[in-house]
Structures are given as structure tokens and as C-alpha cells.
Amino acid sequence: MEPYLEKMGKEIVNVARRLNDELEELAGEGIFFMPELAFAFEVGKSIMKNAEEIFGGKPKWCRETDLGNGGPSDLIFEFDGGKKVVIEFKMRATGGAYLGDLEKLNKLDNENTAKIFCALVDVFSKDVPNDDRIKKVENFNSALVRSVLEPKPSFPTKQNWYSTPVSCLVGVWSVGQVPKL
């Protein structure tokens, strides 16, 4: 696995934890209070601030860009020579929505594009790390899907939907071949 993938995964987890703490203090709810695209934007900022350490250079940062694969992609980093890292995000979504993003990523060029799927999964704390949505992602059969971070990080979060304690499980997966940048 390319080193930049694990560095990006760790950065995504750091952003999720930081925002969870901020939102619990400001709104009385955790990370799931935040809209998905706001989270993608915060991840983009953080990765760009640490681009030298993560990638060894500074890419062009793009957001919500249509790459012709089924709608706009949430977050893109473009490098000289045509290489890209494309990330799709999901928060609290269904397994079907996860599979939709995996199919969308799978339509992109394998040779020049690193394709990342990130899900912030609302899991009952007693059920971490077992969740059917995680199993759906990891059993995706149209492309090789590999977890970037093992074990998958999780942390408790405040929310107002369930009376049972909930954790945020941060899943980050590569989809297909992963190019060197």
C-alpha cells in the first residue's frame, strides 16, 4: 500500500475527532451534527495544510468536481503528470449509498487515479467494529477494496437519535489499483 494512503487515513481520523470535540462543545452533539460536504471540506483543508508530509508535494485542491462518472466527486487532489486522488465521503448513510459511491469510484481511471471511500459510520458502541455497512463495503465485488486503517478507528460521539450510546467508526478504503504519485 502506498504510504500516502495511510497518512491520508490518519489525517481523516484526526479531523473527525477534532470536529467531534468542537461540535460537542458548541452544539451538544458530535460529528454527525455536521453535513457531509462540510466534513469533506475540512478534510481537504487539513490535507492541504499537511500536503508536503502526506504527498511530498503540493497538489491542486478541487472539491465537488464532476469527473463524468456519475455526479460530482467530493474531494480531489490533482498532481503534475495527470495523477489524482479522488475521495468520496458518506456520513450515517445506508449500505446501498455506500455501494453507490464505490460504483462511482470504480468508473474512474485505474492507472492514474487513487480512489478512496471514507465512511463515518454511526454504530451502536456495543457493536463496534461489526456493522453490516462495513461488510457491504469490504465485500464489494466489482473492484478490489482494501481498508487503509486497521483496526478501524472509532470514538464515542453524542447524538440525539438513539438512547443507546453511539460511536463514530471511521472507515477509509482504497478502491482498485493504487498508483504511485
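Look through ALA119, ALA114, ALA143 and report the one residue that is open to solvent by less than 30 Å² (accessible area, probe 1.4 Å), part of a strand (DSSP E or B), touching a helix residue (DSSP H, G or I) at 6+ places or on another chain (Cβ under 8 Å) and over 23 Å from PRO35 (Cβ atoms). Give the steps one after another, and end with the answer.
Values: ALA119 fails: over 23 Å from PRO35 (Cβ atoms); ALA143 fails: part of a strand (DSSP E or B).
After ruling out the rest, the residue left standing is ALA114.
List every residue pair whose Cβ atoms lie under 9 Å apart, where the two residues are 6 or more positions apart in sequence or sit on different chains, the first residue falls within the stretch 41-62 and is closer than 18 Å to ASP80 by Cβ, and the second residue, located anywhere, is aliphatic (A, V, I, L, M) and open to solvent by 60 Å² or more (accessible area, probe 1.4 Å).
These pairs meet every condition: PHE55/LEU181; GLY56/LEU181; GLY57/LEU181; PRO59/LEU181.
For the condition more than 17 Å from SER174 (Cα to Cα), in contact (Cβ under 8 Å) with a residue 40 or more places away in the chain and not basic (Lys, Arg), what is the one hit in GLU36, GLU11, GLU2? Don't jump to the end; show me each part of the working.
Numbers: GLU11 fails: more than 17 Å from SER174 (Cα to Cα); GLU2 fails: more than 17 Å from SER174 (Cα to Cα).
Going through GLU36, GLU11, GLU2 in turn, the sole match is GLU36.
Which is of a type in the set (S, T, N, Q) and more than 30 Å from THR164 (Cα to Cα), of ASN139, ASN112? Give the steps one after another, and end with the answer.
Details: ASN139 fails: more than 30 Å from THR164 (Cα to Cα).
Residue meeting the stated conditions: ASN112.
Among the residues of the stretch 122-132, count how many are in contact (Cβ under 8 Å) with a residue 40 or more places away in the chain and closer than 21 Å to GLU36 by Cα.
Adding up the residues that qualify gives 3.
Name the residues in the stretch 146-181 that are assigned to a loop (DSSP other than H, G, I, E, B) and closer than 21 Å to PRO129 by Cβ, would you?
VAL148, LEU149, GLU150, PRO151, LYS152, PRO153, LYS158, GLN159, TRP161, TYR162, THR164, PRO165
Within the set of pairs 6 or more residues apart or between chains, which connect a residue that is in contact (Cβ under 8 Å) with a residue 60 or more places away in the chain and within 12 Å of VAL121 (Cα to Cα) inside the stretch 92-104 to a residue that is open to solvent by less than 40 Å² (accessible area, probe 1.4 Å) and part of a helix (DSSP H, G or I) with Cβ atoms less than 7 Å apart?
If the second residue must be open to solvent by less than 40 Å² (accessible area, probe 1.4 Å) and part of a helix (DSSP H, G or I), the pairs left are ARG92/PHE32.
Restricting to the stretch 43-52, give me the number of residues that are open to solvent by 30 Å² or more (accessible area, probe 1.4 Å) and under 17 Å from ARG18 (Cβ atoms).
As a first pass, look at the stretch 43-52 and keep what is open to solvent by 30 Å² or more (accessible area, probe 1.4 Å): 45, 49-50, 52.
Then keep just the ones that are under 17 Å from ARG18 (Cβ atoms); that gives 45, 49-50.
Summing the residues that are open to solvent by 30 Å² or more (accessible area, probe 1.4 Å) and under 17 Å from ARG18 (Cβ atoms) in the stretch 43-52 gives 3.
Would you mind stating whether ASN50 is more than 12 Å from the chain's Cα centre (by Cα), under 21 Å from MET34 (Cβ atoms) and not charged (D, E, K, R)?
yes
Could you list, in sequence order, the residues of the stretch 162-181 that are out of contact with any Pro (no Cβ under 9 Å at 6 or more places or on another chain), open to solvent by 20 Å² or more (accessible area, probe 1.4 Å) and touching a residue at least 24 places away in the same chain (Cβ under 8 Å)?
TYR162, THR164, GLN177, VAL178, LYS180 - these are the residues of the stretch 162-181 that are out of contact with any Pro (no Cβ under 9 Å at 6 or more places or on another chain), open to solvent by 20 Å² or more (accessible area, probe 1.4 Å) and touching a residue at least 24 places away in the same chain (Cβ under 8 Å).
Can you go through GLU150, GLU138 and tell me which one is free of Cβ contacts under 8 Å to residues at least 24 places away in the same chain and over 22 Å from GLU42 (Cα atoms)?
Numbers: GLU138 fails: free of Cβ contacts under 8 Å to residues at least 24 places away in the same chain.
The conditions single out GLU150.
In the stretch 1-31, how many residues are more than 29 Å from THR113 (Cα to Cα) and open to solvent by 10 Å² or more (accessible area, probe 1.4 Å)? Give the steps one after another, and end with the answer.
Of the residues in the stretch 1-31, the ones more than 29 Å from THR113 (Cα to Cα) are 20-30.
Checking which are open to solvent by 10 Å² or more (accessible area, probe 1.4 Å) leaves us with 21-29.
Looking only at that region, the number is 9.
The values are calculated or read from the model by the stated rules, or taken from the named source; none is laboratory data. Just so you know, these numbers come straight off a predicted model, no measurement behind them. All Cβ positions, glycine included, derive from the backbone under ideal geometry; neighbour counts span all protein chains shown. When the accessible area is computed, the model is the full protein with side chains, heavy atoms only, and any ligands, DNA or RNA have been set aside. Shrake-Rupley method; radii C 1.70, N 1.55, O 1.52, S 1.80 Å.
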